[in-house]
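Just below is one structure, and these are the notes that go with it.
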Amino acid sequence: WIARPSRPDVLWISVDSLRPDRLASYGSGRIATPFLDYLAANGVLFEQAYADAPWTTAAMASALTGRFAVHHGLRTPFRRLPEDETTLAEVLADHGWRTAAIGGVVSLHRWYGLGQGFAHFDDRFDSPVEAAGDRPHLPLRDYDDIGRLRSQRTRKWRHDSLRGDEAVADAAVAWLQTAGRRRPVFLWVHFFGPHRRRQLGDAPEAALRRSRDSYDAAVAGVDAQIGRILDELR
């Protein structure tokens with residue numbers, strides 16, 4: 001894409017549960033991931049990188065704020081990022097970047113406060129993470145009681161809590177096509193990708209076999225969708 005040395009376009013891609021041992025850039029030959037490998041070859045590759053938290057929402061909050069979860073406070077699935085935290089999107093928006101985020105899983109729902117600084121925050125989901133048949137839309141609400149929050153979160157995973165990787169890329173490409181070129185853009189795209197989906201009622205052995213059989217295909221699928229976004233930027 002067109003380089004702007006002083007005010008570059010910024011594309012941040014995050015992928016849930018992506019293992020480095022599936023990528024050629026980390027020495028794997030299992031599957032072809034040409035677009036991820038292109039980014040690694042033409043950028044900076046970290047051989048040691050650690051998530052601040054083992055679950056999506058808190059880890060992404062740490063990445064957005066540059067602060068550990070122990071400091072920004074989003075340490076459980078029943079809390080939100082405080083409004084007085086400063087995100088990368090807020091900083092860039094204040095300096096003239098046009099900001100957008102496209103999320104692929106309910107862990108990044110606006111209820112968690114991760115939309116701070118994003119002029120466009122797309123958290124539309126249309127299928128369940130935990131397969132349980134067709135379920136209607138289930139809004140997220142504020143409850144003072146942790147038990148009710150826990151129950152709501154469990155039920156949400158079985159309703160509209162996921163958006164497929166192709167649909168995420170569709171939304172990202174569509175936004176880029178309307179973003180214009182007068183201002184630099186900051187676009188965050190999050191793919192649920194290879195994260196495990198749980199089929200309710202599965203025995204542990206069946207779930208593990210399904211995960212192993214589908215994981216590599218999911219990684220390759222995410223790579224292809226990343227390629228579509230890079231093509232649009234070019």
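Evaluate the following for Leu81: is it touching a residue at least 12 places away in the same chain (Cβ under 8 Å), within 22 Å of Asp216 (Cα to Cα) and of a type outside the set (S, T, N, Q)?
Details: touching a residue at least 12 places away in the same chain (Cβ under 8 Å): yes; within 22 Å of Asp216 (Cα to Cα): no; of a type outside the set (S, T, N, Q): yes.
So Leu81 does not fit the description; no.
Would you pick out the residues in region 80-96 that are touching a helix residue (DSSP H, G or I) at 6+ places or on another chain (Cβ under 8 Å) and not acidic (Asp, Glu)? Reasoning before the result, please.
Just the residues of region 80-96 that are touching a helix residue (DSSP H, G or I) at 6+ places or on another chain (Cβ under 8 Å), to begin with: 80-82, 85-89.
Within region 80-96, Arg80, Leu81, Pro82, Thr86, Thr87, Leu88, Ala89 qualify.
State all residues of region 161-179 that are surrounded by fewer than 17 Cβ atoms within 10 Å (Cβ to Cβ) and under 14 Å from Asp231 (Cα atoms); if no residue qualifies, say none.
Hits for region 161-179 are Asp170, Ala174, Gln177.
Kindly indicate whether any position in region 10-20 is farther than 26 Å from Ala167 by Cα and without any contact (Cβ under 8 Å) to a residue 24 or more places away in the chain. Show your work before the answer.
Within region 10-20, the subset farther than 26 Å from Ala167 by Cα is none.
No, there is no match, as no residue in region 10-20 is farther than 26 Å from Ala167 by Cα and without any contact (Cβ under 8 Å) to a residue 24 or more places away in the chain.
For every residue, the table says whether it meets (1) modelled with pLDDT of 95 or more; (2) within 22 Å of Ser107 (Cα to Cα); (3) buried (at least 18 other Cβ atoms within 10 Å of the Cβ); (4) under 14 Å from the mean Cα position of the chain (by Cα).
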residue: Leu187; (1), (2), (3), (4): yes, yes, yes, yes
residue: His195; (1), (2), (3), (4): no, yes, yes, yes
residue: Arg212; (1), (2), (3), (4): no, no, no, no
residue: Tyr215; (1), (2), (3), (4): no, yes, yes, no
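In region 136-160, how many residues are assigned to a loop (DSSP other than H, G, I, E, B) and either surrounded by fewer than 13 Cβ atoms within 10 Å (Cβ to Cβ) or in contact with an Asp or Glu (Cβ under 6 Å, 6 or more places away or on another chain) (or both)? So that I can check it myself, show each step before the final result.
So in region 136-160, the residues assigned to a loop (DSSP other than H, G, I, E, B) come out as 136-145, 158-160.
From what is left, the residues that are either surrounded by fewer than 13 Cβ atoms within 10 Å (Cβ to Cβ) or in contact with an Asp or Glu (Cβ under 6 Å, 6 or more places away or on another chain) (or both) are 136-137, 139, 141-142, 144-145, 158, 160.
Residues flagged as assigned to a loop (DSSP other than H, G, I, E, B) and either surrounded by fewer than 13 Cβ atoms within 10 Å (Cβ to Cβ) or in contact with an Asp or Glu (Cβ under 6 Å, 6 or more places away or on another chain) (or both) within region 136-160 amount to 9.
Of the conditions (1) in contact with a strand residue (DSSP E or B) (Cβ under 9 Å, 6 or more places away or on another chain); (2) closer than 24 Å to Val222 by Cα; (3) at pLDDT 95 or above, Ser62 fails just one. Which one is it?
Single failed check for Ser62: (1).
If you take the residues in region 56-83 that are among the hydrophobic types (A, V, I, L, M, F, W, C) and in contact with a Ser or Thr (Cβ under 7 Å, 6 or more places away or on another chain), which one is farthest from Trp111 (Cα to Cα)? Outline the logic, then answer.
Applying the first criterion (among the hydrophobic types (A, V, I, L, M, F, W, C)) to region 56-83 yields 58-61, 63-64, 68-70, 74, 78, 81.
Subsequent filtering for residues that are in contact with a Ser or Thr (Cβ under 7 Å, 6 or more places away or on another chain) retains 60, 64, 68-69, 74.
Details: Met60: 14, Leu64: 16, Phe68: 20, Ala69: 17, Leu74: 12 Å.
The qualifying residue farthest from Trp111 (Cα to Cα) is Phe68.
The values are calculated or read from the model by the stated rules, or taken from the named source; none is laboratory data. Everything numeric in this text was worked out from a predicted model, so none of it was measured. Note that we place each Cβ from the backbone using ideal geometry, even for glycine, and neighbour counts take in every protein chain shown.
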